[in-house]
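Working notes for the structure below.
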Amino acid sequence: MKPHPYDWPVFRCAERNKPFSINTLKKLIEKGKIWDSDLISDRNGTYGAWLVASGLAPKWARGIADLSDAGNLQQEFYKNLAPEDIEDFESFSKNPSRVVPRKQVSVPYKPQYGVIVICDTEKHQEEVYGTLKKGGLSMQSRNHLKTISIRNTCSDFDSYRAARVKSLFNAESGCNFSLDVEVDLSGDWNIGVVVGPSGSGKTSIGQKIFDDGTKIHDYRTNWPPDQPIIDAIAPDGSFDDVTGALASVGLGDVPAWLRPFRVLSNGEQFRAGLARLICEKPARVVIDEFTSVIDRRVAQIGSQAFQKAWRRSNPSGQIILLTPHYDILDWVQPDWVLDLQTGKFARGRLWQRPTINVTIFKVNQSYWKYFKPHYYLDLPMPPAAEYFVGTADGELAFHLAVSPLFTANAYRATRLVVMPEWQGAGIGVRLLEWVCQYHLEGKGRHGRKYPTFFHTSHPQLCAALRRRPCWINTKRSLYGDSKKKSMESLIKSGTKIRAGFGGHFRAISSFKYIGREGNE
């Protein structure tokens, strides 16, 4: 289990012991080691700052000092392995032979380290603040704490059973609930989280946390019972915006777009509700019971997909998520967290997305049966194909088939499927590119160093590939090629397949993978 940010290594800045002095801080800034920071202040008079840095030498661990808020301080630097910091799974293209077949992928994510710097006095904290500010690192002031007071009451019932409960459990009354918390909502932020067990006051805080009367939003309400979600989401908006929002939150299962909200699974409803929220772009919104009714894997991947889409599409919007689940914090990567179990408020991007351990296998066609229910076309399997599956954290997540297209000095990739629970994790395109690079380097069938063609109708996948320099959009068609011509070509080639391809009215985009450096 990953340590909580309060368990990060602590460096005490003291006159008698300066393992992490102001001069050290200046040197780290000059070398570009520190990329984010914020102040720490609490009601107990603790002063300090947290830093997120890369490339720090282990020698700084000698400055670890004991502090009650720091938890387990004897650990080494807390390494956040964030996939978005890799250059498109660069290691896959450098040495794919060690991965296929049946080799563990070890993705060398660039490590970043969370460091808490504790100051002896408020004056010392101001000195740290000034140093970081001069270095171009923005930090929030510590003087913007807002107190939220909750006072909930109900009748003190005196029925026989109520009196017996009071007697049995020595409970004088259940009619009063009081809570006082401090939060800092100043400055620029996009996502905040209020987390705590059931009954800890999350909903009550959510009702009062914004001063403008922002109400709690329920993503499960106000859906038309007889319209597919593709029509129900932003009916006056553009088609591309809606499909883009659905894909961005990981609801890439096209047939699900054609169903009413009421018949979707819990996970699909969750993602559809988030997609509608992204299209509506509210300035402020509070979501209660975030991820409470869905599978935890879907909750984590869906949270990661949502936070990326929210920050990208609504950069000035502010959303507060109320949840009893701590397992989504690393995936949401919030700008602040109020933990009602501990009473602590933490400001700054202290949480980073966990590592996704990916393994790629070269397999036979038998694995297709696990992915076929999630493939929206009913087509014969490609002739003479090689099959690749990927697992993420030990679960089947990815499928791709690659068949030879030697008449065009190329390969063709098809049957790309990412399992629903992993959609939005960002692994589909990257693993597609890894397999294409594998063939471009001559490690595919017959060892030919050929590029790979890939065809798709998915609007957001098309948009994603067009943005990437390793792909060329070679063709765009409003309908498929001649099915008769395709069948004649297959018969001539000697294959047993007689169905032929094409003959449909789907818009198709064709792409050619040319390599990571853009060379043929």
Check each of the trypsin sites (Lys or Arg not before Pro) in segment 185-223 and keep only those in coil by DSSP with at most 16 other C-beta atoms within 10 angstrom; list them in order. LYS215, ARG220
Using only alpha carbons, build the gyration tensor for segment 145-347 and give me the equivalent ellipsoid semi-axes, biggest first, whole Å. 34, 21, 15
Quick one: which of 189-198, 325-334 comes out on top by average Cβ neighbours within 10 Å, and what's the full order, highest first? 325-334, 189-198
For segment 269-308 versus segment 333-374, the gap between their alpha-carbon centres in whole angstrom: 14 Å
What full-extension length gain, to one decimal in nm, is calculated for ARG259 and ALA410 as 0.36 nm per residue of separation minus the Cα-Cα distance? 50.5 nm
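No value in this document is a laboratory result; all are computed from the given coordinates. Only a predicted model underlies this, so the values are computations on that prediction, with no experimental measurement involved. Please note: Cβ atoms are built from the backbone with ideal geometry, for glycine as well, and neighbour counts cover all protein chains shown.
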